[in-house]
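The values are calculated or read from the model by the stated rules, or taken from the named source; none is laboratory data. Quantities reported herein were computed from a predicted structural model and do not represent experimental measurements. All Cβ positions, glycine included, derive from the backbone under ideal geometry; neighbour counts span all protein chains shown. For the accessible areas, the whole protein counts, side chains as well, though only heavy atoms, and no ligand, DNA or RNA atoms are used. Shrake-Rupley method; radii C 1.70, N 1.55, O 1.52, S 1.80 Å.
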Amino acid sequence: MTTVMLVHGAWHQPTTWAKLETELHALGHATHTPALPSAGEHPTAGMHDDAAMLAAELASLAGPVVLLGHSYGGIPITEAAAGAGNVDRLIYLAAYMPDKGQSMYTLHGIPDPEDTGGLFPLVDEPRTALYGDLPDAEAEQAVSRLVNQTVRSFAEKVDAAAWRDIPSTYIITEQDKAIPPALQEQMAARAAEIRRLPGGHSPFLSQPRRLATLIDEIVRPA
C-alpha cells in the first residue's frame, strides 16, 4: 500500500488535511501527516529543521511513499527526500519548488532578510488569499486555526533538490490568490508532469474528493 505523506504549508497544522485524508483512505491509500517545527510553538526552527524532521519521518516508513507538499511545504520536502530510497514520487500542490541554493525569498525574487529571527507576519487577508473558495463559516474556522511561522523557514536555502532524481508532479491551482499561478507555472516547468485544478490555494478543504481522485490518478500504476 502506498503511503501519502502530506506536508502542510506555512501557518498551518496537520489537522488541515483531515478532509483529504478521509477521501484518500476511501481510495485505499494510507496517509501520514507530520507537523513542521517551524509552524506553531518553535520560534527558532527553520527550513532545515523541517527537512530533518521529515527525513526522519520518511526513514520510519516502510514505503513506498508519495511525498506531497503544499505551499511552503514544497521547500522542506525538496531537501528531505534527497537520498530517501522509499520515496516513489514528489507532488507539489500549489507549492514552492526550489532548486539547490534557493529559498522562498529567492523564488519570489526578493532580497534575503537581514534578520532571520522572529516570526513572519501572516499573509494579508488570509480569508481571501488562502480560503477564497470556501463558505464563510468554514473559511473563518480555518483562519482561526492558523499559527505562527518563523522567518528562518522562509529564508533558509535548500541543500539538495530531490526532484532532480525522483519523479515529480506539480498541481497548479488556477485561481490561486496566495501563490500567483504565473509563478506556479514557472516552478512547475521543473516537474516531470503538470496537472491543474480550478479553484484557490487550499483544494484539500474546498474540493477534497476531486483532489484525492487526482492524487490517486497520479500515484496508481498504469
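Annotations for the structure displayed:
- Region 78-177: trypsin sites (Lys or Arg not before Pro) in DSSP coil with no more than 12 other Cβ atoms inside 10 Å: R145
- The separation of region 190-221 from region 164-188, counted between C-alpha centres, amounts to 11 Å.
- For the chain, DSSP calls about 10 percent of its internal beta bridges antiparallel.
- Among the listed values (1) 17.9, 53; (2) 15.8, 49; (3) 31.2, 91, the one matching Rg and Dmax of the Cα atoms in Å as calculated from this structure is (2).
- In the chain, the portion of solvent-accessible area held by carbon and sulfur atoms comes to 51 percent [1.4 Å probe, whole percent, DNA, RNA and ligands not counted].
- Distance from the Cα centroid of region 62-87 to that of region 2-21 is 13 Å (rounded to whole angstrom).
- Annotation note: GluC sites (Glu not before Pro) in region 9-118 located in DSSP loop regions with a Cβ neighbour count of at most 15 within 10 Å are E41, E114.
- On a per residue basis, the chain carries 42 Å² of accessible surface, using protein heavy atoms and a 1.4 Å probe.
- Net dipole in debye of region 155-201 [+1 Lys, Arg Cβ; -1 Asp, Glu Cβ; about Cα centre; nearest 20]: 80 debye
- Among the GluC sites (Glu not before Pro) in region 169-208, those placed in a DSSP loop whose Cβ has at most 14 other Cβ atoms within 10 Å are E174.
- Cα-based equivalent ellipsoid of region 129-222: semi-axis lengths in Å, sorted from largest, via gyration tensor: 24, 20, 13
- Straight-line cross-link partners of K100 among the lysines, defined as a Cα under 24 Å from its Cα and at least 8 positions apart when in the same chain: K157.
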